[in-house]
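Coordinate-derived values only; no laboratory data. Fair warning: this is a prediction, and the values are worked out from it, not measured in the lab. Backbone-built Cβ (ideal geometry, glycine too); neighbour counts: all protein chains shown.
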Amino acid sequence: MTTNLFDLSGKIALVTGASRGIGEEIAKLLAQQGAHAIVSSRKLDDCETVARGIGEAGGSAEAYPCHVGRLEDIQGVFQHIRSKHGRLDILVNNAAANPYFGHILDTDLSSFEKTVEVNLRGYFFMSVEAGKLMREHGGGAIVNTASVNALQPGDKQGIYSITKAAVANMTRAFARSVARSASA
């Protein structure tokens, strides 16, 4: 089913965590509205499946692997976008990790680091790179997927909830900073 919510014709959109679930649906919706969707996640094969499905439905998409917990992958996807498209209009930070489900006092270092690496550091540096590219071309939109856990910590989801609360505040910090620099 095609919806005509708004016109994104000619826009370039990068969606992380787009190989399944919410990210896949976001990529499909953006493509339905006319955007070229860059389907990104850790596994290229899964991204290619989603991109192919978008193409078969009449949309425009490509697959590009990016593990947002790895800074070199973030650099790689933005180098690709710069060389192939020259700009980015929309970034949807959707990739997330929640490797530990249990009592917060039992959170191990590895689970802590992975959750912060993907859910916070990844979102931050994806936003920085997208923001720089968008600034060069007159603007764009960055959407950060958080969770109800940002407002009320989930049971046995301590570090995940903490990172999602940080994402909500990070979004406000970016918006405030960009608004101030635009009016200066």
Strands (runs of 3 or more DSSP E) wholly inside the range 1-102 containing at least 1 residues that are more than 30 Å from Lys156 (Cβ to Cβ) and of a type in the set (S, T, N, Q):
60-65
Give me the residue from the range 144-162 that is free of Cβ contacts under 8 Å to residues at least 60 places away in the same chain and among the β-branched types (Val, Ile, Thr) and, out of that set, surrounded by the most Cβ atoms within 10 Å (Cβ to Cβ).
Ile159
In a helix (DSSP H, G or I) and not aromatic (Phe, Trp, Tyr), is that true of Val143?
no
Please identify the pairs in which a residue from the range 77-103 that is of a type in the set (Asp, Glu) has its Cβ atom under 9 Å from the Cβ atom of a residue that is not in a strand (DSSP E or B), counting only partners at least 6 apart or on another chain.
Asp89/Leu8; Asp89/Gly10; Asp89/Lys11; Asp89/Ala35; Asp89/Met134; Asp89/His137; Asp89/Gly139; Asp89/Gly140
Give the residue that is surrounded by the most Cβ atoms within 10 Å (Cβ to Cβ), with candidates limited to residues of the range 1-31 that are polar (S, T, N, Q) and within 19 Å of His85 (Cα to Cα).
Thr16
